[in-house]
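Below: the structure, in structure tokens.
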Amino acid sequence: MSIEGSAVVDVAFWIVAVMAIAAALLVVTVRDVFKAAAFLAAAFLATAGLFVLLRAEFLAVVQVLIYVGAVSILIIFTVMLVRNVPGGNRTGGPFYVFAGAAAAVLLALGIVYAAFKTDWTDLDQAAAGDDRVAAALTGQYQAEAAPGDGGIELIGGPAADQETARQGVFRRTANNLGTLFIRDYVLAFEVISVVLLAALIGALALARERGAET
Amino acid sequence: MTLENVLLVSAIIFAIGLYGVLAKRNALVVLMSIELMFNAVNIAAVAFSRYTVPARLLDTPVALTSDAVRSVLTGQTFAVFIIAVAAAEVTLGLALALAVYRRRESVEVTDLTTARG
């Protein structure tokens, strides 16, 4: 039994969405750069809430750990290191404000128009209506790893209803993501490790005090 | 809560980030706005993963439920990679801002008109 589809989820979604948008707006409007950084952390937290509502629990945890826990702290530290920022959170002048606002509004309108105009193939409806999709997504999971596959295997007959399909897809998300990383996306996974190492070394080299060289 | 509503939220946050990048003078605030845009993209990727069927499932039915489930989760995988790239980007950006501040006592992008040290 899940509460998905009920009004509770809708209300929670709009609360979190308004929090995220308000925090994002405050980031670009408050005068104090330090406060902007704090509101950025709030926007990241609200995004984590959105992830939970979108059945991405693992991503929500990652979001809190990396964005709220690491990136926000890093930005706040830098704001404190860059003392008495002249002018604070200034804009580039009326022209830049107008051009930026116009570009932002146009882009948002374009994306929203495309989002509402496009006929998306809905996962829930497809799971309920399309036999192949339902057969692929539903069924009972075998707890033990199947030999040769290393993953979970379909053993039961398909039960073509939305609720089963939904719960089948978004159950054990972290397990399936882990399998994806070390099998389907293993090259990207290794490359991103090297990118992170390069960024770490590059940041150390850039931020080193010039006089500290020995 | 539908795909369109989530995309609406994502588009608004992305537009706010774009405004910040274009209109703000402080390099740190520009970096924060870029992070907002990364976040909006993550929201969209996760929403697509939650609400749409991968073409692979519609074209050729896959035999194993685990394969089907993984193809649905592609969007979430994408979001994890975006988070990793964004973390690397913000680290370098902040280190650059600090290095520039040491030399020029300013982090305003209008002061950075030359690439020479």
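Coordinate-derived values only; no laboratory data. Note that this is a predicted model, so its numbers are computed, not measured. So basically every Cβ, Gly included, is an ideal-geometry build from the backbone, and we count neighbours across all protein chains shown.
Could you bin all the Cα-Cα distances of chain B into 10 Å bins starting at 0 and give me the percent of pairs in each, rounded to whole numbers?
13, 31, 26, 17, 10, 4, 0
Restricting attention to segment A:1-80, which trypsin sites (Lys or Arg not before Pro) occupy a DSSP loop and are surrounded by at most 10 other Cβ atoms within 10 Å? Walk me through the numbers before you get to the answer.
Numbers: sites: A:Arg31, A:Lys35, A:Arg55; in loops: A:Arg31, A:Arg55.
Within segment A:1-80, the qualifying trypsin sites (Lys or Arg not before Pro) (loop, at most 10 other Cβ atoms within 10 Å) are A:Arg31.
For segment A:1-79, place one equal point scatterer on every Cα, skip the solvent, and apply the Debye formula. What is log10 of I(q)/I(0) at q = 0.13, 0.14, 0.21, 0.26 Å⁻¹?
Ignoring solvent entirely, the Cα scatterers give -0.44, -0.49, -0.91, -1.15.
I'd like the mean, over residues of B:95-103, of how many other protein chain beta carbons sit within 10 Å of each residue's own Cβ. List each step's numbers first, then the result.
Working: counts 11, 4, 7, 9, 7, 2, 5, 6, 1.
Going residue by residue through B:95-103 and averaging, the value is 6.
Could you identify which residue out of B:Arg103, B:Arg70, B:Arg25 has the top mean-square fluctuation in a GNM of chain B using Cα springs shorter than 10 Å?
Of the options given, B:Arg103 has the highest mean-square fluctuation.
Top mean-square fluctuation among B:Ala47, B:Ala88, B:Ala97, Gaussian network model of chain B, C-alpha springs under 10 Å?
Taking springs between Cα atoms under 10 Å, the residue moving most is B:Ala88.
If you take each beta carbon of peptide A:192-204 and count the beta carbons of other chains within 10 angstrom, what is the mean?
Mean shielding count: 4.
What's the local net charge at A:Gly178, with K and R +1, D and E -1, over the other residues with C-beta under 13 Å away? Please report the intermediate quantities before stating the final value.
Working: positive: A:Arg172, A:Arg183, B:Arg70; negative: A:Asp184.
Its environment carries a net charge of +2.
Quick check: the distance between the Cα centres of segment B:27-58 and segment A:96-123, to the nearest angstrom?
Computed from Cα coordinates, the inter-centre distance equals 14 Å.
Can you pull the mean other chain C-beta count within 10 Å for peptide A:117-124? Walk me through the intermediate numbers first.
On the way: counts 1, 4, 0, 8, 7, 5, 10, 3.
That works out to 5 on average.
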